[in-house]
1. Over the alpha carbons of segment A:422-494, what is the largest minus smallest coordinate on each principal axis, giving the biggest first in Å?
2. Other chains near A:245-257: what is the mean number of their Cβ atoms within 10 Å of each residue's Cβ?
3. Could you work out the pair-distance distribution P(r) of segment B:56-199 from its alpha-carbon pairs, with 5 angstrom bin width and percents rounded to whole numbers?
4. Report the full-extension gain for the segment A:Lys280 to A:Arg410: residue separation times 0.36 nm, less the Cα-Cα distance, to one decimal in nm.
5. Can you list, bin by bin at 10 Å, the percent of alpha carbon pairs in segment B:186-304, starting at 0?
6. Would you mind listing how long chain B runs along its three principal axes, going by Cα atoms, in whole Å with the largest first?
7. Can you work out the PRE-style zone for B:Ser175? Point 7 Å along Cα to Cβ, and I want the residues of segment A:55-94 with backbone N under 18 Å.
8. Within 10 Å of each Cβ in peptide B:167-173, how many partner chain Cβ atoms are there on average? Round it to a whole number, please.
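Derivation of every value follows stated rules applied to the coordinates shown; laboratory data play no part. All values derive from a computational prediction rather than experimental measurement. Here the Cβ is made from the backbone with ideal geometry for all residues, glycine too, and neighbour counts use every protein chain on show.
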Amino acid sequence: MRINKNLFVIIMIILGFLAGCNDKSAQTENPVKGHETKEPTPVPAAESKPAYGDMIIIGSIGDASVLLPVLASDSASGDINGLIYNGLVRYDRDINLIGELAEKWEISEDKLTIRFFLKKDVKWHDGKPFTSKDVEYTYKVYVDPKTPTAYSTDFLRVKEFRVLDDYTLEVVYEKPYAPALGSWGQGMLPRHLLEGVDITESPLKRNPVGTGPYRFKDWTTGEKIILDSFHDYFDGRPYIDRVMTRIIPDLATMFLELKALSLDQMGLTPLQYVRQTDTKWFKDNFNKYKYLGFGYSYLGYNLQDWKFRDQRVRQALTTAINRESIVQGVLLGLGTVTDTPYKPDSFWYNQNVTKFPYDPEKAKEMLAEAGWKDTDGDGILDKDGKPFEFTIITNHGNDIRKNAATIIQRDLKKVGVEVKIRVIEWAAFLKNFINKRNFEACLLGWGIGVDPNQIDIWNSKKTGENELNFVNFQNPEVDRLLDLGASTYDKEERKKYYDRFQEIIAEEQPYTFLFVQYSLPTINSRFHGIEPAPIGIGYNFVKWYVPKALQKYTIQP
Amino acid sequence: MRFLIKRIALMIPTLIGITIISFAVMKMAPGDPTSLMTDLNPNMNEEAVKRIRAHYGLDQPWHVQYIKWLGNMVALDFGKSFAADNRPVLDKISERIPITILINILSLILIFSVSIPIGVFSAVKQDSLFDRVSSLIVFIGFAVPTFWLALLLMILFGVKLDWLPISGFRSLNYSYLTPLGQILDISKHLVLPIFVSAFGGLAGMSRYMRSNMLEVIRQDYITTARAKGLDERTVIFKHALRNALLPLITILGLSVPGLIGGSVIFETIFAIPGMGQLFYQSVMMRDYPTIMGILVIGAALTLFGNLLADLLYSWADPRIRVSD
C-alpha cells in the first residue's frame, strides 16, 4: 500500500483504543522503516519480469467508514483512501517530501508563501483534468466550519489562498510553519463532483472519485472493498489489476484464511510471527517483513502528584524497570527499547541522551537519595510516613499494555514500590481519568509522525482539559525549542533544536519511554517488487507485480 | 378483539418508557460520539471540537436531544448515524438484518428439531444410557467456548480437509454464480456458524423439554390414558407431548427479539457482518442514533413476541382463553 496520507498531516496519531487494535492489525500500510528485512525469494530473471494482472487480497480487521479523506479519521478508511487519492506532496522511501500532484514548489524568502506548480497530465478517475481549482476547493472544504473534519487545524493557518492559473497556486501563512508543507499531502477532492453539495451528504462517501492509482469498484459493508487499477494514472498504470480488502475482525480467523491461501497479505502478531509461521510450507508461500513501527509506548507520570515531582524519583523508577524484559516477554523480542519520543532509527532520534539502564540496586540508592526509605520494615518504601504506592491506569482492549504494566508492577515491587493496575474502557478512561488529570501514572502510546513537531504534547500551555500535555510537563526551554523547530524549514538546523529537546526530556523523565514495536506484515511470495525502505513497504505499491507465470486470479471487468 | 386493541395500546407507553431509560443510560456513559475523533488528537483545537459537537447537536441538553429524537421516531425517521459514514440508521440496520435473521432462524430450527426429541426420550427413558450420554453432550456444548470450538472446526474443515470455507457468508466470486450456485455457496458458508451457534443452545432447550415431559408424565391423565389400555406410543406422543410442548410457546415468544440480535464473538470469529457487530461498534463509538434504533426495534419485537405468545396460548390452551 501507499502511505496513509493522513499521517502526513497528523503529527501524532493516537495509539489509543483504536490503535490498540491497530497494533495487531492487518494494515501494513503504516510508514515503517526497513529493519532486518527478509529478501523476497529470488526468481530466475526471465520468469520475474513485471507484468500486468492478478489481484491482491488484503486482510483488515476493520471496515472503512467513509471514503472521503476529509471526513475519515480511522486507519481502515485511510488505507483505502491512500490508494484512491493523491496529495500535492508525499514522502518518498527515505521520508523526504517530494511532489506528487505538484511538479515542484517554491518557498518564498520570508518562508511565508509556498507556490505550487501542478503536474499537467493528471486526470480524475472520470477523465476530467485535475487543476488548481480542485486544490482551492479542497482547501475551502477543510476550513469550512460546517465540515466535521479532524484535519482543519493546519489549513486554518493559511492566511491567503491564491489561484494564479490552472496549474499554479500560492498559499500564504501568518508565520513560518515547517509542518505546513507536509499538510498538503492530504487527499485532493474533485471540485466538479462536490462543489455546492453538503460534503457529509455526498454520494462520493461510498463511491469515491480521486486521482490515485486505484479507482473504486465495489464495497459490501463489513465484507470487502474492491479497487481496480486506474490505467490513466499519471505515474503509469499499476501492475496489480485489483486490490481487494477483506474485512475479518478476528486475527486468528484471518490467519487461518491466510493459511488457506484465501488472503495474500496481513499483519502478524508477534506470536504468529515467532511461533506459527516458522514452517517450511509457510516460508515457501509467504515472505515475512519486519520494520520498526511509527509509534511508541510509555509510562507517563502525573507530575502534579507529589510523589513524582522529584526528577530523581522518576529517573529511579526508569532505572528500576527492566524494559528489555518487557520487549522480550510481551513482544517476544519484536520491538526495541527507546529513550526519547522519536523513532530510534530515524533522522530525528538523538542517540546521545542520558540513559537509565536497568539496575535495581542503583534504583534503590537513587530513591534513598530522594528520601524514600523503608523505615517501618514492611518492604515498601516510605517518606514522611506515607508508603510509595501508586496505580497505573491503561485502556481496555490492549493486552500488550496490560502485560507490560504487569511486568512493571513486578519490577517496582523489587525496589519497594507497590503498584496497582487498573484497566478501564477507552471512553471512560479518557473522560474520567486522563482528561480530568485523575491518575497517578498511565500506560499509553503515541504515534510518531513523519514530521518531528511535538508542540501539542510537550508545550507547557497545552495542559488544559482535553489537551495532550496531561502529565503537566513544564519547561520554558522546551517551549522555546519546539517553537523554533516548528518555524524552521532547514532540516539540519531543525535537528539541532529537536536534539536538545530530547536531551531535556531524557533527563527529566516525565515519561519512562518503554518500547517501539515492529510491524510484521506477511505477503504471498508471488508478489515481486517489494522493496523495504525507511518509510515501509507501501510507498511503491504501484510497482509491485506478479510475474505472468505466477498469476493466480484473472480479473473479469 | 377488544383485548387485542387494549394490549397494543398498552404497548405504546411501555415502548416510550423503554426509550427514555435507554436514552438516559446511554447518555450517562462517559464519552460521546466525538471522543474517538477528537480526544488525544493533536490536530484538534477547542474550536474544531465545538464545531463537530454542534454538527451532531450534542451541544444541547439531553432532554432536548431526546425529544428531538422521539419526534423523528414517531415519523419512523431513525436519523443518521453519528459514525463517520453518517449514513441513515435504517440503511445500516437493514443491510445487516437479513443475514442475522437467516442465521438465527436456521439455528433456532436446528435447536428445536434436535433438542425436543432429545428431551422427550431422556424423560421417557429417564436415567437410561441415552439420557446420560445426551445430557453429557448437550452440557459439553453449553460449556465449550464458542470461539474455541469455532476455531477448531475451522482448522479441521477449512484448512486441513478444505471442505468448507473458513469465514464470511459468501465467496469472492459470488456475483458470478448461478442462482442455484449462490444458494449452495451461502449454505456452505453457513454450515459451521449455524452448527456452532446451535450447539451451545441445545442444553437449555433439551433440559427444559425433559423436565416438562417428566412433569407431564406424572399427571393423572397420563395414568388414565395408560389405564385405558392405550399403547405407550400414543400415550407419549399424543397425550403427553402435546401438553409438554405448551410452555415452549413462551420460549418461542421470548426468542422473537433474539432474532435480530447477534453475538459479537460469534460474528467476529466468522467475519459475518451482522447485527451483533453493528451494535457493539455503535456502543463503543457512542453512536447514539444507531444504538437507539437497534434498541427500539429490539424493544418493539420483545413486546410483539410477548403478545404473540399470549395469543398462541389462548389458541392452544382453552383453559386460559380470555372470555369476552
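1. Sorted largest first, the three principal extents are 44, 24, 16 Å.
2. Mean inter-chain Cβ contacts per residue within 10 Å come to 6.
3. 2, 8, 11, 12, 13, 11, 10, 10, 9, 7, 4, 2, 1, 0
4. 43.0 nm
5. In order of increasing distance, the bins hold 11, 27, 26, 18, 12, 5, 1 percent.
6. Taking the Cα atoms of chain B, the three principal extents are 86, 62, 39 Å.
7. A:55-58, A:64, A:67
8. Shielding by partners across B:167-173 averages 5.
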